[in-house]
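Encoded as structure tokens, the structure appears first; notes follow it.
Just so it is clear, none of the values below were taken in a lab; they were calculated from the coordinates. From a predicted model like this one, the values you see are computed outputs, not experimental measurements. For neighbour counting, all protein chains shown are included, and Cβ atoms are generated from backbone atoms with ideal geometry for every residue, glycine included.
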Amino acid sequence: MHTPTITPRKSIYYDYKIYPFNKPPELSGTKKRHPVVFVGAGPIGLVNAIDLARYGIPCVLLEAERQVSEGSRAIVFTRRSMEILQQAGIADRITAAGLPWRFGNSFYRGQRVFRLEAPYDEDDRFWPMINLQQQYLEEYLVDRVMQEPLIDMRWGHKVTAIVDNNDTGCTLRVDTEACEYDLDADWVVATDGARSPVRNMTDLRMEGDSYEGRFVIADIRVKLDLPTERLAFFDPPWNPGNTVLMHREPHDIWRVDYRLPDGETPEDALRPESLKARIDAQLELVGYKGASWEMDWCSVYSARAMTLPDYIHKRLIFCGDAAHMLPIFGVRGANTGWQDGHDLVWKLAMQQRGLAGPQLLPSYSQERVQASREIIDEASKSTRFMTPPTHGFRTLRDATLSLTLSQDFVKPLLHWRTSRPHDYYNSALNARDDDNTVFKNGPLDGSPIRNVKLGDNDYLMDCLGASFYLFCFNVQDAVPAALVAEAEAIRKRGIAFAIVAFGNQGQAIKGADIVIDDRAGRAHAKYCDGSNPAGYLVRPDQHVSARWINPTAERLRSAMDAALGHRVTQTQEKN
């Protein structure tokens, strides 16, 4: 019998609460097959459930615990993540509570040897990064889940076995404080983290590297008059040959990460006297010798760069850290997981509603495995620099650091390759016969769209929801009638679709579902060339799937078929 802890976790700044266990219908004899079950109500599972509800698809969300996660864990959220969290309805709460930033600093032998400035302009609704502890994020998401009738949130429900997983559905064995029961679903999505019990039940193996370096992660409360910027210290006097990172969090909490010396065990590293000596030394290094501080939470982690080679196994799908394990250098964990989910959910919704072609759902794995491999390649470079795996790597790293003291050209090598929005240039869902290569600017096929400031507090992405969009530029007073008719035909198929027309003279535009006043020309400058009519087909996850000069109804129809996975493959053509 599963008995989760019902004593609130301790924290010096966050008040944990226990969520109620509710007896599920299955324990009263009700047998029901659910469209989707998410296993794990961490940041990825919560956002996925909310996102799926936007498409009108009900789901069950299982969480073994009865409170949000322990410790600050994921604390840095990128601009792309905030755009996704805006769709989930919690971006404003994060903005109000979090600490925005855009600069990163690297120090060596008492000198700042590199300063990174993340791009930011007035078309960006969100800062490049914002810091907030994971407990608050999960709390905000749980509040949203509780407002959504399509989400059946089940606290204290632990998956203990996969009873069946076949081509038509998946059955889970679930344990609770009351009794065990079987839960049937069309699809099960594992969002249960890096140690994923669901993944372990399948005996699936990840590909990649597990590095020997271990890091202590500690949250302390201390008043430091330092800016909200990333601080990285290479080869500090108190931890020679190793690396230390610092981040400011709300409520005077500071995250301190430092690598363990070779041969030291996690148990030794987490001893109070060891923690105190090292944190005191780090505070002295930043100019606060003898500062009074309190420990809130600490742990040890190992850097890994690994992924499953396929994220879909019959009716079982993996998402977030359950699908891949990435080093935290460059804030990749949760930020990558949200991009996974945003890619997956709209495709899963189309699948459930019978609108998906045979290539749509498989494209989730194709797009996101490729993204993970790109991330692993980037993250591995950062990880090898932070935690050199061999004597040769350490010699090269130390030589590079020494050169930064006198040679400016070397300093950019200290770039930590932060998390970024991924482009699906090779996606099977992109149009084959569009004008992608003709455009001189604007987002390429497979890229996420670019936000644009429309007024004092209004932005382009504020106007978008769970829908396909056709962006139309330079259309003067009316969208071509054939495009309007094709849009209506798409909607009659049950697909959410809207035409967004950008007026460069503030004019009304007939046939448009949404008209954007772009007299300032900001959107036109970012999306099209000259005065020719231009169009972009935008997927529900805000990635471009086609773009044209002078779009036509026929090309729109063909691109929509491709975007929904209906494109005929060469094998099908031969058959």
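The modelled label-to-label distance between L403 and R373, using points 7 Å beyond Cα along the C-beta direction, is 3.0 nm. A simple spin-label model places the labels of N22 and E273 5.2 nm from each other, with each point 7 Å out along Cα-to-Cβ.
Using the 10 angstrom Cβ neighbour count as an exposure proxy, how do W346, W238 rank, fewest first?
Numbers: W346 24, W238 16.
Least crowded to most crowded, the residues run W238, W346.
Compared with the direct C-alpha span, the chain from K10 to D182 gains 58.6 nm at full extension, assuming 0.36 nm per residue. Full extension of the chain segment joining E207 with M1 gains 70.7 nm, where the gain is 0.36 nm per residue of separation less the Cα-Cα distance. The label point for T390 and the one for E284, both projected 7 Å from the Cα toward the Cβ, are 3.7 nm apart. Ranked by how many other Cβ atoms sit within 10 Å of their own Cβ, fewest first, the residues M1, M153 fall in the order M1, M153. Summary value for region 460-572: 27 percent relative contact order, contacts being C-alpha pairs under 8 angstrom separated by 6+ residues. Averaging the sequence gap over all C-alpha pairs within less than 8 Å and six or more residues apart, then dividing by the number of residues, gives region 208-304 a relative contact order of 43 percent.
Compared with the dominant Cα axis of the chain, that is its longest principal axis, helix 333-352 is turned about 30°.
Taking the Kirkwood radius as the inverse of the mean 1/r across Cα pairs, report the Rg/Rh of the chain. Result: Rg/Rh = 0.98.
Here S106, S406, S69 are placed in order of increasing Cβ neighbour count within 10 Å, fewest first, which gives S406, S69, S106. Maximal additional length on extending the D529-T437 stretch stands at 31.9 nm, based on 0.36 nm per residue less the C-alpha distance. For region 460-572, the alpha-carbon coordinates run over 48, 27, 26 Å along the three principal axes, in decreasing order. In terms of its Cα atoms, region 208-304 spans 39, 28, 25 Å along the principal axes, sorted from long to short.
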